[in-house]
Amino acid sequence: MVRAAKPKPTKTLEQTLWEAADKLRGNQEPSEYKHVVLGLVFLKYVSDRFEERRKALEVELAADGIKAERVPDFLEDRDEYTSHNVFWVPELARWGYIQSVAKQPEIGQQIDQAMDLIEKENPSLRGVLPRNYGRDGLDKRRLGELVDLIGSIGFTETDDHGADDVLGRVYEYFLGQFAGKETGKDAGAFYTPRSVVKTLVEMLEPYQGRVYDPAAGSGGMFVQSAEFVKAHGGKRTDISVYGQEFTDTTWKLAKMNLALRGIEADMGPRSADSFTDDLHPDLRADFVIANPPFNVSDWWDAKLADDPRWQYGTPPQGNANFAWVQHFIYHLSPKGTAGFVLANGSLSSKTGGEGEIRRKLVEADLVDCIVAMPDKLFFNTGIPVSLWFVSKARHGNGHRERRGEVLFIDARKLGTMESRRLRVLTDDDIAKIADTYHAWRNHDGGYEDVPGFAKAAKLDEIEKHDFVLTPGRYVGAAEAEVDDEPIDEKIDRLTKELFAEFERGRQLEDEVRQRLGKLA
């Protein structure tokens, strides 16, 4: 019997482009190559937006009856573009020109020149765009082919945001792929996997208000927040975005990522350390969403000793976890809620005063929910992590009163292995976690404890556990499935099934012997 060939899954545009771009990587390290590729994607984006506005302007001029000889002047008037929030792109930086010189040996210098010209004409992009395309170590033939490849990404009429949505999706997909390709301790640290970001956003529900991420990475939290708002019928302008990022190259990636998605964000004038150089000192956000680096040991500076952020205790100098937690709380509005990722050690550690800080946070009625996540969710580490949700005004900040109570969710059994080293949460997994939180938090949510998965614990129970917040301590074991089959009938059934398997094994053995005999 001929088995029908299993149909191959259809590749998305992002997957197809990634495979092609990766083939052109040559001897470039992924950590370097990502700046080459992502910079070109951004260059294509600003050029496409420029051309889109240029075509619209031509139509407007024709409709206004402008004489043909005057049209070129209007088309090269930068105010006609900047007044529509479109970057002004000088002629030698436009994609059409770059594409025309893609096969020339000077393509690297031409791209560097284009980046220079765009930065000079657009102050908000100064210091952001990558350079060094003309360096000796970058194969110019491959670079020219990469230009051709990215040039193939065009407009789509099916998307309401035009080419930048396609390029934005490509940019984010490439970020994730580069994160998976990099090696070393800090590999992929600039990128939080999409399923983790989506879980945080779906639980927080940032419909409108100020959203802040002081460990912004490449800006994924903001992109997902904007998508959440859009998916629920809102506008991108319903949220105001504030961020900060310590690593300079990552700060640049974030600036480009957000611009590509049409998200206006205040990322500060430069990259900076959120602890020693807080770029938004007066900000009080409605939502904080963050994935700070885990267990950072060299964060301390002497000038932080009496910092007003340490309201619940000075964090230990050897671990920044509770410095981040208190930084988030400090920047929350009186009714704000924060959702963030921490290494699991922060749930139970008592070293350096961490246990005391955790106790004070619980007693101050700030801790809303803890979610234990499955392992292998991150590219750069396999350690298990948890999601923390801290909230102010829990006596009713738009939801039911939750004082003296913390929700624990044990999601360690959820998720699917996407590759040998990376697990992802499916949309159903994310919905299960978020729906449980909302059922507990909302008025008339109909929440009930689920043994082995979710438990709403009172303060006295948490105190009995010495303020250790590991969900597994509270949710207990899952109930075993009810088995009402009488034991004698069960033994009889299983015996028959076993004998049937023995018989089937003998038949297979006979068949194998016969076939081998024919070959002898």
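The values are calculated or read from the model by the stated rules, or taken from the named source; none is laboratory data. Predicted model only: the values in this text are computed from it and were never measured. Positions of Cβ are backbone-derived with ideal geometry, glycine not excepted, and every protein chain shown enters the neighbour counts. Just the protein is used for accessible areas: all its heavy atoms, side chains included, with ligands, DNA and RNA removed. Shrake-Rupley method; radii C 1.70, N 1.55, O 1.52, S 1.80 Å.
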The lone condition residue 109 fails out of (1) in a helix (DSSP H, G or I); (2) under 26 Å from residue 263 (Cα atoms) is (2)
Cβ pairs under 9 Å, 6+ apart or interchain, first in segment 74-94 and farther than 19 Å from residue 42 by Cβ, second in a loop (DSSP other than H, G, I, E, B) and open to solvent by less than 20 Å² (accessible area, probe 1.4 Å), ordered by first then second residue, are 80/86
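Could we say that residue 368 is within 25 Å of residue 425 (Cα to Cα) and not in a loop (DSSP other than H, G, I, E, B) here? Before the answer, list the steps.
Values: within 25 Å of residue 425 (Cα to Cα): yes; not in a loop (DSSP other than H, G, I, E, B): yes.
So residue 368 passes the test.
Test residue 322 against the criterion of being open to solvent by less than 20 Å² (accessible area, probe 1.4 Å), in contact with a Phe, Trp or Tyr (Cβ under 7 Å, 6 or more places away or on another chain) and under 25 Å from residue 199 (Cα atoms), and give yes or no. Even if it seems obvious, please write down each step before you answer.
Details: open to solvent by less than 20 Å² (accessible area, probe 1.4 Å): yes; in contact with a Phe, Trp or Tyr (Cβ under 7 Å, 6 or more places away or on another chain): no; under 25 Å from residue 199 (Cα atoms): yes.
When the stated conditions are applied, residue 322 does not pass them.
Looking at this structure, is residue 438 part of a helix (DSSP H, G or I) and within 28 Å of residue 324 (Cβ to Cβ)?
Working: part of a helix (DSSP H, G or I): yes; within 28 Å of residue 324 (Cβ to Cβ): yes.
Taking the combined requirement at face value, the residue satisfies it.
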When you scan segment 351-363, do you find a residue that is open to solvent by less than 10 Å² (accessible area, probe 1.4 Å), modelled with pLDDT of 95 or more and either within 21 Å of residue 450 (Cα to Cα) or touching a Leu at 6+ places or on another chain (Cβ under 6 Å) (or both), even just one? no
Residue pairs qualifying under the 6 Å Cβ cut-off, at least six apart or on distinct chains, with the first in segment 22-37 being closer than 22 Å to residue 254 by Cα and the second being open to solvent by 40 Å² or more (accessible area, probe 1.4 Å) and modelled with pLDDT under 80, are 30/181
Among residues of segment 377-409 being out of contact with any Leu (no Cβ under 6 Å at 6 or more places or on another chain) and charged (D, E, K, R), the residue surrounded by the fewest Cβ atoms within 10 Å (Cβ to Cβ) is 403
* Hey, does segment 456-465 have a residue that's under 20 Å from residue 344 (Cβ atoms), crowded, with 18+ Cβ neighbours inside 10 Å and not hydroxyl-bearing (Ser, Thr, Tyr)? -> yes
When (1) over 18 Å from residue 255 (Cβ atoms); (2) modelled with pLDDT of 90 or more; (3) open to solvent by 20 Å² or more (accessible area, probe 1.4 Å); (4) not in a helix (DSSP H, G or I) are applied to residue 102, the one that fails is (3)
